[in-house]
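Beneath this line is the structure, given in structure tokens, with notes to follow.
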Amino acid sequence: MRSIACIIVFAALIGLAPAAFGSGFTFSTIDVPGASSTEALGINNAGQIVGFFKDNIGSGQHGFLYDRGTFTTIDVLGAAATIPFGINNAGQIVGTTATTSGIHGFLYDGGIFTTIDVPGAQETEAHGVNDAGQIVGDFVDNAGLHGFLYDRGTFTTIDVPGATSFTVAFGINNAGRIVGVFDNPQNRGFLYDRGTFTAVDVPGAATICFGINDPGRIVGEFNDGVKGIQGFLATRRSR
């Protein structure tokens, strides 16, 4: 398995007017003008949205920031693809870029790109960032695919004990709790909290955890082999 940047399915979206699609919700389409496809991946408390789009001239995949009706393109210079995954409440954006030198994570802050590369890694992807600027993602080395936490200049590897071949960290909240996926033998979600790993498994299903909020609610997807891929919200039971 490689992480989500390599398996995203593009959804072509049109228009920007809100429309009611379901009980209790109003949906607004996010469509970069002139794009052949647009995907929104992250949002902060101010409603700033990040994601990526594919244009109609075949020039690759471009990141975007959508803020109060305005789209701003986010492109790492010379990259074939720039894919922002997350944005925190300070407006710091993290994601992944593909360049001639390989696949790298990035932090975009105040108009400045900073490369996020785990030392010695063949590839690095950044997926989530909290308000303290802690970044999570994954990297590839000769031993396989691992998760990481990047905190104030220091990388910490995240490997779930017993993982067969990979661990990927996707989300982190402001308490530093991290969620993601590992395999043993199928996909299993995990929560990493102050040095302790807890499996997060929808019963009888392959499970991936993508995000966690400050109260500790976890979202993701599962596949039970019957209905296909479905989303979930996990709330910890009261003790």
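The values are calculated or read from the model by the stated rules, or taken from the named source; none is laboratory data. Treat the numbers as computed from the prediction; the structure is a model and nothing was measured. Positions of Cβ are backbone-derived with ideal geometry, glycine not excepted, and every protein chain shown enters the neighbour counts. Calculation scope for accessible area: heavy atoms of the full protein, side chains included, ligands and nucleic acids excluded. Shrake-Rupley method; radii C 1.70, N 1.55, O 1.52, S 1.80 Å.
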Cross-chain or 6+ apart pairs with Cβ under 7 Å, the range 150-170 first and part of a loop (DSSP other than H, G, I, E, B) and open to solvent by less than 30 Å² (accessible area, probe 1.4 Å), then polar (S, T, N, Q) and modelled with pLDDT of 95 or more | V160/T167
Going through the range 26-53 one residue at a time, which ones are part of a strand (DSSP E or B) and buried (at least 16 other Cβ atoms within 10 Å of the Cβ)?
-> A35, S37, T38, E39, A40, L41, G42, I49, V50, G51, F52, F53
Given the structure, is F106 among the aromatic types (F, W, Y) and open to solvent by less than 60 Å² (accessible area, probe 1.4 Å)?
-> yes
In the range 117-127, is there at least one residue being free of Cβ contacts under 8 Å to residues at least 60 places away in the same chain, surrounded by fewer than 22 Cβ atoms within 10 Å (Cβ to Cβ) and in a strand (DSSP E or B)?
-> yes
What number of residues in the range 229-239 are open to solvent by less than 100 Å² (accessible area, probe 1.4 Å) and either at pLDDT below 90 or part of a strand (DSSP E or B) (or both)?
-> 4
Over 22 Å from I103 (Cα atoms), open to solvent by less than 20 Å² (accessible area, probe 1.4 Å) and not β-branched (V, I, T): does that describe N56?
-> no
Filter pass, G216 being closer than 22 Å to G42 by Cβ and assigned to a strand (DSSP E or B) = no
Is it true that T114 is polar (S, T, N, Q), exposed (fewer than 15 other Cβ atoms within 10 Å of the Cβ), modelled with pLDDT of 95 or more and at negative phi?
-> yes
Is it the case that T70 is surrounded by fewer than 12 Cβ atoms within 10 Å (Cβ to Cβ), in contact with a Gly (Cβ under 9 Å, 6 or more places away or on another chain) and more than 27 Å from N174 (Cα to Cα)?
-> no
